[in-house]
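Presented below is the structure to which this report refers.
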Amino acid sequence: MGAKAVTTLTDSRLAANQVNGSFEVRDQRMGKYVKMVKQLIGSFGQFTIKQIHGSENKRADALSKLASTCFDHLSKKVLVEVLYDRSIDEKQVNVLAPAGPTWLTPFREYLQREILPEDHGEARKIRIKAPSYAMVNGELYKKGFTTPWLKCVDQVKGRELLQEAHSGQAGAHEGARALTGKVLRMGVYWPTIQQDAIETTRKCGECQSYAPVQANPPVPLHNISSPWPFYQWGIDIVGLFPEAPGRLKYMVVAVDYFTKWIEAEPLA
């Protein structure tokens, strides 16, 4: 408003003396208000705060009581603003870094302005794949012959969608193949969707903890028939072991299939 000299009147002795420095500020929340007031004081050339009697502060009392009254009886010309957040509450500000080029950038530049990458191989790839894409209202879409067109997103946004579809409110912790189909039915597309879906399911702690344990052997089992002792033996050579006296480094082992009797002999 351009004011340089401000005089503030308040019926609170505590508030007036805390701002002037006569009273010590012990409450943490009150200290934030005092700190904010002192920061605002620096923008004025002259500032004074005085304590007055409550009867001389009726206008301020009437304004303070509006917050606890019903507004239905007020005229439409009366503008009332309700502040739900305190002025001392710190607001979190997210600093957005400028987005760099993604896989969508060369397709957009070619479809909109016919600009190709300087690399001959990359330019050839873009020229071949470009007919499968189209620009609609500034957005890149993947064409489909029997399916609706899919909106193209970058990999960062795609991984967020995968995480939400896999373990979000509507997630069912599906496998990579079912998760890929689920996200495609949402109408979005990016080239590495299958690889990202596999990575998402592998990194899910709940899927790793509660997944069914596969008890199948790595190779098919073979039946071994041994009707009586010492009828059939299995013989194998194991090693290389640390060299023993006599330059012994290997060992031949024979096992009877019926009794599990073991015979071993060192070899050089």
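Since every read-out is calculated from the coordinates, none of them should be taken as a lab result. Because the structure is a prediction, the values reported are computed rather than measured. Don't worry about glycine lacking a Cβ; one is built from the backbone with ideal geometry, like all the others, and counts go over all protein chains shown.
Annotations
- Test: THR200 is surrounded by 11 or more Cβ atoms within 10 Å (Cβ to Cβ) and under 26 Å from TYR141 (Cα atoms): yes
- Look at the stretch 249-268: where a residue is surrounded by 13 or more Cβ atoms within 10 Å (Cβ to Cβ) and a partner is assigned to a loop (DSSP other than H, G, I, E, B) and of a type in the set (S, T, N, Q), sitting 6+ places away or on another chain with Cβ atoms under 7 Å, you get TYR257/SER226; TYR257/GLN232; PHE258/SER226.
- Hits in the stretch 107-126 - residues which are among the hydrophobic types (A, V, I, L, M, F, W, C), out of contact with any helix residue (DSSP H, G or I) (no Cβ under 7 Å at 6 or more places or on another chain) and surrounded by fewer than 15 Cβ atoms within 10 Å (Cβ to Cβ): none
- Subset of the stretch 213-248 [among the small types (Gly, Ala, Ser) and either in contact (Cβ under 8 Å) with a residue 40 or more places away in the chain or in a loop (DSSP other than H, G, I, E, B) (or both)]: ALA215, SER225, SER226, GLY239, GLY246
- Residue that is farthest from LEU116 (Cα to Cα), among those in the stretch 128-151 that are touching a strand residue (DSSP E or B) at 6+ places or on another chain (Cβ under 9 Å) and of a type in the set (Gly, Ala, Ser): GLY144
- Taking the stretch 1-25 as the range and being under 21 Å from GLU90 (Cβ atoms) and either out of contact with any helix residue (DSSP H, G or I) (no Cβ under 8 Å at 6 or more places or on another chain) or not aliphatic (A, V, I, L, M) (or both) as the test, only GLN18 passes.
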